[in-house]
Each structure stands twice: as structure tokens, then as C-alpha cells.
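Reviewing the structure listed below.
Taken together, the values in this text are just the output of simple stated rules run on the coordinates, not laboratory data. The shown structure was predicted, so the numbers you read here are calculated from the model rather than taken from an experiment. Positions of Cβ are generated from backbone atoms using ideal geometry, with glycine treated the same way; all protein chains shown enter the neighbour counts.
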Amino acid sequence: MKKRFILLLSLGLFGCSATWNQEQAEATASIKVMYVAPNGKDTNSGSLKRPLKTLKRASQLARAGTTVYLRQGTYTEALTVRYSGTKQAPVVFRNYQTEKVVLSGRALKKQDGETTLIRIENRQYVTIQGLVVADIKTTRNDETPIGIFITGTGRNIQLIDNQIHRIQTNAKDGNAHGIAIYGTGRLQQITVRGNRVEDNRLGASEALVLNGNIDGFSVTDNIVRRNDNIGIDLIGYEGVATNKLKDYVRNGVISGNQVTDSSSYGNPVYGKDYNAAGIYVDGGKQLTIEHNTVERNDIGIEVTSEHAKKYATDILVRANQVKQNRFTGISIGGYDKKRGGTKRVRITDNQFTGNDTKGLEGGQLLVQHDVRDNRIDHNAFTTGPDNLFVANFFKTSSGNQFDHNTYQLKKGTAKRWIWLDHEYRTQASFERAVKGGFNK
């Protein structure tokens, strides 16, 4: 790059006009820093004073090492990232300083398949930062609105400090995502940090989802709220990945997020059911879910697999605040006997407070179908209105341990635990039942 810059300057000194020389210098400089503004022109050099106009043109020019600064305003077009960066020279699209930059989907052409505002496919070393991504709506079952979509094969992709909202499907059997990350090939080192994903209508889908062959990621310090289905979802075994042996999300951390007010009640797909988890592991492996606040969702945290004979395994659920969720605080195991289950999960040092606000007998911890070899220890349980700590109505659990938990009533004296569809009124009798006894 340095040699080419010297050559262009030399050509300018020998007979080229000053104007030509200035244009070329600006164009060369824009390889590293480029600006786009709603009042710019695509024939401009892309400098701060002479910005480009469209995201399309900026994407065509943004090679490895380029940072594209978007100036304040609304852009009514989609952004497709055309080129990868490198470790030393990433490609970055972000807002300029603290300016508000909105990518609006109001004018996007409706189409079959996904309609996406930001698309990153088969790329590496790309960052999207500080953008507002909003306003894709559909009533069509065959159209899936997505705010930001990462797919294919890649690594080192970062989504930082963006706001994704009002991505909506109003179709009876529709799907929509705020952020969707689908590893059809292997995706690695994915970072989702400091984003706000809120006020989306999702149909049967999720606000922030990682699905398929994703190996190594972090989802941290995001605010995910007021979505009408699952908040954060980590999925396996849905046939997304071309390598079926690696078709699951793994080796990731979900930490420091605030996930609130996720509810499927009133969603056209679910009607009056309370099904939406704040954080949901559906077939993921080797994950850590820690230090999150999960409040006023239908289900706080759910760890299982929806696919028969498949499991969520080797997962640590630690030091989360799980409060005032409608059905239950944490759920493990399949919701019926046609589903998979939960193995080798540790649930430790969490605060369960006042869950099951709708009195649906989900308690603070719901243990469902095919739950094996899990450890629940050092948690603090404070009941909701039904005074139910643990609810287990299935008889398909084995090898589980409850150690050093504390159980406190919100009010009254009637403590309740249900294990293998038997109800117990003392902690000692419940713990004996878990270990294999059935004394009430």
C-alpha cells in the first residue's frame, strides 16, 4: 500500500493537474477510512468532506483495512458486506462519532425467503457497530424479515452496540429475527456485545439466535426485551449445517445480558400460551450462561433439546438473577416425551425469586422429560404465589443431585416440591426422593 501511494504522488508531480492529484490522494486515503452520508454522492472520493451516498457503493469499495463511517441520517437500503478483512486489517462499518445512523427497511422490496437489512455471508474479520437497524414488516408466511444476518463460513465477526428493533412478521405462521447467526459452514469467534434487540414481532422465531455449526462465541452485555418470542436462542440439530456431525452451537459464553419481557402470549403462532424463554439452549453444548438478569419472561432460562434422543449437554448455568418469570424460572428437559433432554448440566449460585407468576405449576425450577446426571447446587430459591420450589411431573429423570440449596417462602408456611409426580412438603423428604426414596 505504501509503495502504491508514493507512485500515485509521483505521477501527480509529473504533468497531472492539481485537481486530478487531489482526487487520487483522497481516493487512496479512503482505502483506510471512508465516509457515507445521505447527502453525499457516489461519484465523490469518500472523504469526510466529500462522502459517498449509498451503502452499496461503500461496500463495493471497502476492502481489508477499511473503516466505513456512516454519517447521521436514515438509509433506506440494505447493506451486504462484500469483502472480508484480516486479523491486522478488519472491515468495519459503524456510525461516525456519536451520530445516530438508521438503516430502515421500510422501502425494501418484499421477497420470498429472507429480507435482510445487514447481511454477512462467508466473511471474516468484519465489525458492525453503532447502527440502528429497524422497520422491516411483512404479512407473508414465505418472507422472513431479519435485521442482521450472519451465515455461511467465517470467523471474527463482531456486532457491537447496535440497536435492532421493529423487525416484524404479522403472518399467522411467520418467522422473523432481530439478529440471526446461522453456521451452514463453520463459524468461529463470533462476538455479539452491547446490542439492544427490542420490540420485535418474531412469529415462531427468536430475537437473537445462533444456530448450526458455530464453534466459539460470546454474547455479552446485550439488552434483549419486549420481544414476542424467545430472547436469546442457542440451537442444534435443525439441519442448518452441511456437516451434520457439527450441527450444533458450542463453546460459547452468554454473560451479563438483561433479558426481559419475552412472551409468546398473543403471538399469532402461539395464541394464549406462555412459551417464550428469555435464554434458551436447544441442543447446544459446552456453554456457560452466567451473570445474566432474566426477568418477566414466560420462562427465564430453558436448557434442553427439542429433537428426540438429542441433548443439551455440558452446560454451566451460574450466578444468574432469575426473577418474576410467568411460567418458571429455569426449565430443563423436553416439554413432552417426543423431545430430547438435558444431561450433565450444572445449575449453581443462581437467585430464583418469585417465578411462576401466572400460577401454572412451573415453580422456580421445572424438571421435564429425560433429565439425567445434572447437578443443582448452592442456589437460593424464593417462591412465587404457589409456594412451589421444584416441579417434576415426568418419571424419566435419573442421576440428578440437589445440594446446598436454600428454600424460602415469599409468604405462608406450605412449602412444596414435586418430584417424579409426587408432592413433598419438607426439604428432607424431597431430597430423599431425588436420591431414590419416596417418603412424603
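Figures for the structure shown
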| quantity | calculated |
| --- | --- |
| Cα gyration tensor category, rounded, prolate or oblate, for segment 314-437 with a/c compared to 1.5 | rounded |
| Convex hull of Cα atoms in segment 242-387, direction-averaged projection (nm²) | 8.6 nm² |
| Highest-MSF residue in the chain out of Leu245, Leu61, Leu79 [GNM, Cα springs under 10 Å] | Leu245 |
| Footprinting exposure proxy for Leu420, Leu55, Leu131 (fewest neighbouring C-beta atoms within 10 Å first) | Leu420, Leu55, Leu131 |
| Per residue, the convex hull volume that the Cα atoms of segment 299-379 enclose (Å³) | 69 Å³ |
| Kirkwood hydrodynamic radius of segment 32-104, Cα pairs, Å | 12.0 Å |
| Ranked list, fewest to most other Cβ atoms within 10 Å of each Cβ, for Leu103, Leu316 | Leu316, Leu103 |
| Sum of -39500 (n - 2.57) over DSSP H runs of 4+, divided by residues of the chain (222 nm, nearest 500) | -2500 deg cm²/dmol |
| Globularity index of segment 121-435, i.e. its alpha-carbon radius of gyration over 2.2 N^0.38 Å | 0.96 |
| 5 angstrom amide H check on Asn275, placed H, neighbours 5+ away | Ser264, Tyr265 |
| Calculated FRET value between Asn141 and Leu245, using beta carbons and R₀ = 35 Å, to 0.05 | 0.65 |
| Proxy reagent accessibility, fewest Cβ within 10 Å first, across Phe394, Phe217 | Phe394, Phe217 |
| DSSP beta bridges in the chain [antiparallel fraction, %, rounded to 5] | 5 percent |
| Approximate spin-label separation Lys56-Thr426, in nm, with each point projected 7 Å along Cα-to-Cβ | 7.6 nm |
| FRET efficiency, 1/(1 + (r/R0)^6) with R0 30 Å, evaluated for Gln286 and Ala89 via beta carbons | 0.45 |
| Contour excess over end-to-end distance, with Cα ends at Gln321 and Arg63 and 0.36 nm allotted per residue | 88.6 nm |
| Efficiency of FRET between Lys410 and Asp336 - r from beta-carbon atoms, R0 25 angstrom, step 0.05 | 0.25 |
| Ordering of 93-101, 335-343 by packing [mean C-beta count within 10 Å, highest first] | 335-343, 93-101 |
| Segment 280-322 shape via C-alpha gyration tensor axes, a/c threshold 1.5 | oblate |
| Entries of Lys172/Lys323; Lys323/Lys435; Lys285/Lys435; Lys309/Lys343; Lys56/Lys87 with Cα pairs more than 20 Å apart | Lys172/Lys323; Lys323/Lys435; Lys285/Lys435; Lys56/Lys87 |
| By average C-beta atoms within 10 angstrom, highest first, the peptides 301-312, 405-416, 150-161 | 301-312, 150-161, 405-416 |
